[in-house]
1. Excluding Ala205 itself, calculate the net charge of residues whose Cβ lies under 11 Å from the Cβ of Ala205, where each Lys or Arg counts +1 and each Asp or Glu counts -1.
2. Which order do the peptides 91-99, 208-216 take when ranked by the mean count of other beta-carbon atoms within 10 Å per residue, highest first?
3. Using alpha-carbon pairs under 8 Å, 6+ residues apart, how would you state the relative contact order of segment 258-337 in percent?
4. Relative to the longest principal axis of the C-alpha atoms of the chain, give the angle of the C-alpha long axis of helix 252-283, reported between 0 and 90° and rounded to the nearest 10°.
5. Tell me, what % of the accessible area of the chain is carbon and sulfur with a 1.4 angstrom probe?
6. Given contacts defined as C-alpha pairs under 8 Å and at least six residues apart, what's the relative contact order of segment 115-221, whole-number percent?
7. Highest first, please rank the peptides 232-241, 325-334 by the mean number of other Cβ atoms sitting within 10 Å of their residues.
8. Name the residues whose placed amide hydrogens come within less than 5 Å of the amide hydrogen of Gly84, ignoring near sequence neighbours (fewer than 5 apart) on the same chain.
Amino acid sequence: MQKELQQGSKQKNRAMEREKALDLSIVVPAYDEEESLGELTAWIAQVVEAEGRSYEVIVVDDGSDDGTWAEVKRISQEDSRVKGIRFRRNYGKSAALSEGFAAAKGKIVITMDADLQDSPDEIPALMAMIEKEGYDMVSGWKKVRHDPLSKTIPSKIFNNVVRRMSGIKLHDFNCGLKAYRADVVKTIEVYGEMHRYVPLLAKEAGFKKIGEKVVQHYERKFGKSKFGIERTVKGFLDLLSVSFMGKFGKRPMHFFGALGTLMFFFGFIAAGWLGAKKLWFVYHDWNAPLVTSSPYFYLALVFMILGTQLFLTGFTAELVTRNAPDRNKYLISEKIE
Ligand code: UDP
Ligand code: MG
């Protein structure tokens, strides 16, 4: 009886919490963006108020050296819907997003760059796609882009590769403007430089309806870009990690073990063949060539050694994952008890 009562009140609490939840959280990572924040938050307020929605803006100051934090403080005193989180040092955009996601209370979460390159005017349409069309996540697509060529060309190649590898039909993975159902951001974990691959992380977590919307893009008004050409290299390495972790993160032996066994097998067959041939020649008292004079001998050796090493790597990785605290944690979307 008491348990039932308790459960009843728990459900009530939960319902109340849900009611208290805001319609929208806007997460804004900001690294040295003091000049833009005032204009950005005012613009957001104007758009979202016109829609009659409740919202919050969470500015994550990623260890800025300029007056970004002072600006956040000033704005939040004037407008309590603006909240701030300040990192002690610069951790990167992914870290900022991750903290913002954890703090978000809205049913929909939108991320937006602080530099006024993304337009708050897109918010209503993005919200509608999630609420009415049932998308789990909508990514912006900067179809007409106002950035230098040194940025747009690598970006085209990058997007092509990611599209092919992930099978997600998006044109612009790296767009800062994205909208999510709250569930998505509370489930996925963005770390390292993974902010480019949030759609992949979402897909791996089982969120299937991922859409795209063409968005307005502006030139950077103040300050300068925080990312250089080295982002392409890091980006590709991260892509490999994301897709590998998604497929084999919990069962590394299936990758290394399979590859290692296969290699060892081919090496073994080749060595066996050479050995058998040699014996056959010797048996018939023919003039047998040296085993070491055949290139296959060396290939066989290399294959067997590499095969063993791959297998052992898989085994070690398996031992490591066995010790991971989340080895048996799965993403559950619903439960009936
Ligand atoms: N950013 C951040 N931490 C960083 C680098 C960037 O929070 O270490 C923020 C930055 O303030 C901006 C957004 O991430 O709001 C996108 O950065 P930027 O405009 O430099 O990227 P670009 O538009 O050149 O791709
Ligand atoms: Mg920018």
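1. Numbers: positive: Lys186, Lys203, Lys208; negative: Asp136, Asp183, Glu189, Glu204.
Residues close to Ala205 contribute a combined charge of -1.
2. Result, highest mean Cβ count within 10 Å first: 91-99, 208-216.
3. On the way: 57 pairs, mean separation 33.3, N = 80.
The value is 42 percent.
4. Taking the Cα atoms of the chain, the angle to 252-283 is about 10 degrees.
5. Details: 11840 of 20160 Å².
Ligands and nucleic acids excluded, carbon and sulfur give 59 percent.
6. Details: 142 pairs, mean separation 52.6, N = 107.
About 49 percent, as a whole number.
7. Details: 232-241: 14.8, 325-334: 7.7.
Most protected by this proxy first, the peptides run 232-241, 325-334.
8. Amide H to amide H, under 5 Å and 5 or more residues apart or across chains, Gly84 pairs with Val59.
The values are calculated or read from the model by the stated rules, or taken from the named source; none is laboratory data. Treat the numbers as computed from the prediction; the structure is a model and nothing was measured. Backbone-built Cβ (ideal geometry, glycine too); neighbour counts: all protein chains shown. Please note that ligands, DNA and RNA were not included when accessible areas were found on the heavy atoms of the full protein model with its side chains. Shrake-Rupley method; radii C 1.70, N 1.55, O 1.52, S 1.80 Å.
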